[in-house]
Amino acid sequence: MYQPDSFAQFLESRMNMTPELEATRLSTEQVADVALLAVAHADSYAGTARLISLMASLPVPSDEPRDFWFELWQAADDPVLLPGNLRGQLLRAVDGDGTALADQLLHVIAEMSTEQRSAAAEVIGQAIGTEHLGGYKSDYIGELWLRDVESAAWQVLHAYRGRRTWEDQQEFVRAWQHA
């Protein structure tokens, strides 16, 4: 799908809905069109929201010298996992652009050896294991977290691949109409 910098920009360019347009002036058809377009573009935002949610499930960075993040760095043997190296990408994701965070996390996980992945899963599982997950081993919980990050990151990167044009999108629709 064609994806401009923001959904508001898309609505303005394709439906002439300026930011000042009052919602009371929208017809039922325009509201339906907006809903349809929002669903069509939801995959990129859903993946980013999932990545943020997963990151929020981890302990927040602290001033402790050997906190969770230090332990994760040691387990994965990758300094990219330190808060100072994730901060910029995470804050961009909170603003709606999760591509850099997705790329960074997917790259780190893909580069882990089997031993590093197991060690990282253990550290993560110990940190996020809660009472309602108490029946599962921490390494399993951490492995599920890592898999979820991989899936969400892939979803974000796939949604933003090549940012096709509006014309490409229309050609895709026409092809399927005549298939």
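The values are calculated or read from the model by the stated rules, or taken from the named source; none is laboratory data. These figures come from a predicted structure and were not determined experimentally. A quick note on method: Cβ atoms are made from the backbone with ideal geometry, for glycine too, and the neighbour counts reach across all protein chains shown. Surface accessibility is based on the protein's heavy atoms, side chains included, excluding ligands, DNA and RNA. Shrake-Rupley method; radii C 1.70, N 1.55, O 1.52, S 1.80 Å.
Structural remarks
- Going through (1) open to solvent by 30 Å² or more (accessible area, probe 1.4 Å); (2) in contact with a helix residue (DSSP H, G or I) (Cβ under 6 Å, 6 or more places away or on another chain); (3) of a type in the set (A, V, I, L, M) one by one, Leu91 falls short only on (2).
- Residues of the range 10-40 satisfying the condition of being without any contact (Cβ under 8 Å) to a residue 12 or more places away in the chain and over 24 Å from Phe172 (Cα atoms): Thr18, Pro19, Glu20, Leu21, Glu22, Ala23, Thr24, Arg25, Leu26, Ser27, Thr28
- Screening the candidates Ala175, Ala121, Ala110 for the property of being of a type in the set (A, V, I, L, M, F, W, C), open to solvent by less than 40 Å² (accessible area, probe 1.4 Å) and out of contact with any Cys (no Cβ under 6 Å at 6 or more places or on another chain) yields one hit, Ala121.
- Among the residues of the range 57-73, the ones that are closer than 11 Å to Gln126 by Cα, surrounded by fewer than 17 Cβ atoms within 10 Å (Cβ to Cβ) and either free of Cβ contacts under 8 Å to residues at least 60 places away in the same chain or of a type in the set (Ser, Thr, Tyr) (or both) come to 0 in all.
- Residue match in the range 148-162 (condition: outside any helix (DSSP H, G or I), open to solvent by 60 Å² or more (accessible area, probe 1.4 Å) and not hydroxyl-bearing (Ser, Thr, Tyr)): yes
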